[in-house]
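A.B. asks: I'd like to ask you about the structure that follows.
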Amino acid sequence: MKRLQYTLTFNTPAFLGNAHQEGQWRTPPIKALLRHWWRMVHAPEVGFNVDRLRQAEALRFGSASDQNDKKSLRSPIRLRLGPAWSKGQLDQKQWPKGFASVHTGAGRGVRSDVYLGFGAVLPGNRENRKALGTQDTAVLTLICPDAYAPEILQALQLIQWFGALGSRSRNGWGSITLTPHDGTPPLESLSREAPLLQQITSPLEKCLQRDWAHAIGLDAQAGEERPLIWRTRPCKNWQQAVDTLADTLYRIRSAAKGHKTHVCGRPVGALHLLGYPAGTNNSPWDLQVQDRNLRLASPLRFKVLQEGDQLRGIVVHTPSRPPEREFLEALRNDHASWFRSPENLKKSWEIIHKALDAHHERIV
C-alpha cells in the first residue's frame, strides 16, 4: 500500500458545509474532488468509454448497489483528515472589507465577493455562512494500493492546479494548496509543457462531441495548439484575486450575451453555456422549462493558485456539449435545437475565449 500525506490549506475561504451549512473539514468532498479529476486521468486508458470508466471507478472508489445481480464494492482507497471535522471560524464579523465593485449596469454595482460567491456570500448585513479561512490547515493522509498510486498522484496534481472545494468552488472559492511531506512525491508547477497536461488535453471541436468533462480543451492560433487555460496578473492577497476573477466573470458573461438568437421572444445563446439558470429569478434569460430546478454547471472553472508569496487567478475550460437527459430533454425543442448545433457551441466558446484572451494571458 502507498501512503501519501499533504498539508491542505485554502487560498480563498471555503464554504465546505456540513448538514447545518457550517464550514467544517470533511473527507467526503475531498474524495469526490479526487474522483472528478481521476476520471480525466483515466478516461484515455479506456478510450473514453463511460461504462468501462465507471467499472474502473467502482474498483478504486467503491460503489453501492441495490440490485441483486450487482455487488456493492468497498473502496481500497482510504482518506484521513486531521484535525477531523473541526469547524471554520471565519464569520461575518471577521470577513474583510474593501472589495471592488462589479458594475453590472444595474444600480450602483455589486461587491466582487458577492458577485463571485452569491448564496455563500451575501450582501449588506445579511449573515454569511461560517467559512474555513485561509489560515486554517489540515493534514490529509491518503492510503491506496500500489497499483493505483500513479494515477492517484496525477489526480492530486490536477487538484493542485485546478481544484477547489465547497459551495461556489467553480468560481474559485475553496481553492486548495497541497503541500507534500513525510516522503510524499513533490508536485509540479503549472506549465503548458507538463507531460500530464499534454495527456489530458484535446481540441475544442473534439471535446464538444461528448457530454461530460473528460479533457481540458485546446484551440489553435497561428498553427499552434494552446491549452484553454488562462492566468491573471499576480495578486498580493486573496481579496485582490477575488476582485480580479469577479471582473473576469463579468467580462465573459457580457461577451456571451452578444451571441444569441431569439425563440418566441426569449434569448437563447452563449450565456446559457456558462451555467443555467443564467440570471436571477424572472430573468429574460430564463428558458421555458417545466422544472424550475433545472441546472447546468459551467465548464469553466476558476482557481486561485499559490505562486511563491503571491496568488494568481486561473481559468480552465473543460469543454463538453450540454447533456441530453439532464438538460436538453427538459427544454422546448426549438430551444434545445440551438444547443444541439456544433456550430453554435463552437462559435459561442470562441467568443468567450476571445474575451479571456483580451484581458489575460495563456499559461506558459
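A.B. asks: Would the stretch 88-101 turn up any residue that is among the charged types (D, E, K, R), at pLDDT 85 or above and within 23 Å of the chain's Cα centre (by Cα)?
C.D. replies: Scanning the stretch 88-101 turns up no residue that is among the charged types (D, E, K, R), at pLDDT 85 or above and within 23 Å of the chain's Cα centre (by Cα).
A.B. asks: Let me ask something else. ASP291: surrounded by fewer than 22 Cβ atoms within 10 Å (Cβ to Cβ), more than 17 Å from the chain's Cα centre (by Cα) and more than 20 Å from HIS259 (Cβ to Cβ), yes or no?
C.D. replies: The answer is yes for ASP291.
A.B. asks: Considering every residue within the stretch 68-80, establish whether at least one is at pLDDT 90 or above, in the same structural domain as MET40 (by TED's automatic domain parsing) and under 19 Å from LEU305 (Cα atoms).
C.D. replies: Within the stretch 68-80, not a single residue is at pLDDT 90 or above, in the same structural domain as MET40 (by TED's automatic domain parsing) and under 19 Å from LEU305 (Cα atoms).
A.B. asks: For the stretch 324-337: of the residues being surrounded by 14 or more Cβ atoms within 10 Å (Cβ to Cβ) and touching a residue at least 40 places away in the same chain (Cβ under 8 Å), which is nearest to ALA215 (Cα to Cα)?
C.D. replies: The extreme case among them is PHE327.
A.B. asks: Given the conditions (1) under 27 Å from PRO203 (Cβ atoms); (2) at pLDDT below 95, report the number of the one that ASP309 does not fulfil.
C.D. replies: That leaves (1) as the condition not met.
A.B. asks: Here's another thing I want to ask about it. List every residue pair whose Cβ atoms lie under 6 Å apart, where the two residues are 6 or more positions apart in sequence or sit on different chains, the first residue falls within the stretch 214-237 and is assigned by TED's automatic domain parsing to the domain that holds ARG321, and the second residue, located anywhere, is outside any strand (DSSP E or B) and among the basic types (Lys, Arg).
C.D. replies: What qualifies is PRO227/ARG192.
A.B. asks: Can you go through LYS346, LYS260 and tell me which one is without any contact (Cβ under 8 Å) to a residue 40 or more places away in the chain and surrounded by fewer than 20 Cβ atoms within 10 Å (Cβ to Cβ)?
C.D. replies: Just one listed residue meets the conditions, LYS260.
A.B. asks: Can I ask one more? For GLY275, are the conditions met, namely being surrounded by fewer than 20 Cβ atoms within 10 Å (Cβ to Cβ), within 28 Å of ALA14 (Cβ to Cβ) and touching a Leu at 6+ places or on another chain (Cβ under 7 Å)?
C.D. replies: It is true that GLY275 is surrounded by fewer than 20 Cβ atoms within 10 Å (Cβ to Cβ), within 28 Å of ALA14 (Cβ to Cβ) and touching a Leu at 6+ places or on another chain (Cβ under 7 Å).
A.B. asks: Here is a further query. Please go through the stretch 295-319 and pick out each residue that is outside any strand (DSSP E or B) and surrounded by fewer than 20 Cβ atoms within 10 Å (Cβ to Cβ).
C.D. replies: Correct list: ARG295, ALA297, SER298, GLY308, ASP309.
A.B. asks: Within the stretch 163-185, count every residue that is out of contact with any Pro (no Cβ under 8 Å at 6 or more places or on another chain), modelled with pLDDT of 95 or more, surrounded by 20 or more Cβ atoms within 10 Å (Cβ to Cβ) and within 20 Å of VAL114 (Cβ to Cβ).
C.D. replies: 5
A.B. asks: Follow-up. With within 21 Å of the chain's Cα centre (by Cα), assigned by TED's automatic domain parsing to the domain that holds GLY217 and of a type outside the set (Phe, Trp, Tyr) as the only criterion, which of GLU343, GLU307 stands out?
C.D. replies: After applying the criteria, what remains is GLU307.
A.B. asks: Same structure again: Restricting the search to the stretch 186-232, which residues are out of contact with any Phe, Trp or Tyr (no Cβ under 8 Å at 6 or more places or on another chain), in a loop (DSSP other than H, G, I, E, B) and basic (Lys, Arg)?
C.D. replies: Result: ARG192, single match.
A.B. asks: Could you check, for the stretch 336-344, whether at least one of its residues is under 28 Å from ASP243 (Cβ atoms) and not β-branched (Val, Ile, Thr)? Spell out how you get there, then give the answer.
C.D. replies: Initially, the stretch 336-344 is screened for residues under 28 Å from ASP243 (Cβ atoms), giving none.
Checking the stretch 336-344: not a single residue is under 28 Å from ASP243 (Cβ atoms) and not β-branched (Val, Ile, Thr).
A.B. asks: Out of ARG35, ARG39, which single residue is touching a helix residue (DSSP H, G or I) at 6+ places or on another chain (Cβ under 6 Å), among the charged types (D, E, K, R) and assigned to a helix (DSSP H, G or I)?
C.D. replies: ARG35
A.B. asks: Then there is this: Somewhere in the stretch 92-110, is a residue of a type in the set (Val, Ile, Thr), in contact with a Lys or Arg (Cβ under 7 Å, 6 or more places away or on another chain) and not in a loop (DSSP other than H, G, I, E, B)? Show your work before the answer.
C.D. replies: Initially, the stretch 92-110 is screened for residues of a type in the set (Val, Ile, Thr), giving 102, 104, 110.
Of the ones still in play, those that are also in contact with a Lys or Arg (Cβ under 7 Å, 6 or more places away or on another chain) are none.
Scanning the stretch 92-110, I find no residue that is of a type in the set (Val, Ile, Thr), in contact with a Lys or Arg (Cβ under 7 Å, 6 or more places away or on another chain) and not in a loop (DSSP other than H, G, I, E, B), so the answer is no.
A.B. asks: Now a separate question. Of everything in the stretch 263-273 that's part of a helix (DSSP H, G or I) and in contact (Cβ under 8 Å) with a residue 60 or more places away in the chain, which residue is farthest from the chain's Cα centre (by Cα)?
C.D. replies: ALA270
A.B. asks: Assuming GLY105 fulfils every condition listed in (1) under 30 Å from ARG60 (Cα atoms); (2) at pLDDT below 90 apart from one, which condition is it?
C.D. replies: The failed condition is (1).
The values are calculated or read from the model by the stated rules, or taken from the named source; none is laboratory data. Keep in mind the model is a prediction, meaning the values are calculated, not measured. Here the Cβ is made from the backbone with ideal geometry for all residues, glycine too, and neighbour counts use every protein chain on show.
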